[in-house]
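Below: the structure, in structure tokens.
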Amino acid sequence: MPLFPKRYADAVQRWRVPSGIALAAAFVLLADPVPPTLLLGLPFCLLGLALRAWAAGHLRKDETLTTTGPYAFVRNPLYLGSLTAALGCVIAAGRAELALLAGAYFLLVYLPVVEQEEQHLRELFPGFDEYARRVRAFLPTLPARAQPGSFSLRLYLRNREQRALYGFAAVYGFLLLKLAWRGM
């Protein structure tokens, strides 16, 4: 049974990008980076981006149920990677208010989107329910046996994952500029 009504999930899908831009604007206004927070947040950003890259290099959207690479451990590695990278940006920004905003955004935007996507996968792939019983949505599971599969740079690029790298690089660049500007 869905946690979110379909109307809500559809609305969230339409407003996901504009609400993300609003969150970014709040981030710009509230961020108060200092060198220790920038250094502490960076490993989380890099870990999240690495997880997203690994996942994108295995994902064949709507072609096959992906169960290799990080998908052998967690059903939503792209979103888990985004959450980890966002945590790094929040730490780097040095403001607790941003943690609350990012947490609310994840709960109100990403969870309904994930639910909608999983419903889509159930309709496309008869084996999805069995996969979902074995592999948790966000908390990694150690599989009984990892499925063979290798990372594909071609898939990474086809899934346009480099855009996440550019986006997080822009956020960190902004934080460095804000720190430098404030230091003047």
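Seen through its C-alpha gyration tensor, with square-root eigenvalues sorted a ≥ b ≥ c, region 6-183 comes out prolate because a/c lies at 1.5 or above while a/b is bigger than b/c.
Peptides 76-86, 45-55 ordered by packing proxy, namely the average of other Cβ atoms within 10 Å per residue, highest first: 76-86, 45-55.
Taking every full run of DSSP H in the chain, the ones that stretch at least 30 Å from end to end by Cα along their long axis and average -1.0 or higher on the Kyte-Doolittle scale are 6-30, 35-56, 162-183. Per-residue extension of 0.36 nm, minus the Cα-Cα distance of R122 and L177, leaves a gain of 15.3 nm for this segment. Overall, region 6-183 carries a charge dipole of about 220 debye about its Cα centre when +1 sits on the Cβ of Lys and Arg and -1 on the Cβ of Asp and Glu, all other atoms neutral.
Given region 72-141 reduced to its alpha-carbon atoms as identical point scatterers, what log10 I(q)/I(0) does the Debye formula return at q = 0.12, 0.14, 0.23 Å⁻¹? Ignoring solvent entirely, the Cα scatterers give -0.39, -0.51, -1.01. Across region 40-81, the volume of the C-alpha convex hull divided among the residues equals 57 Å³ per residue.
No lab work stands behind these numbers, since they all come straight from the coordinates. On a predicted model such as this, the values are computed, not experimentally measured, just so you know. Reconstructed Cβ throughout: ideal geometry from the backbone, glycine too, with neighbour counts over all protein chains shown.
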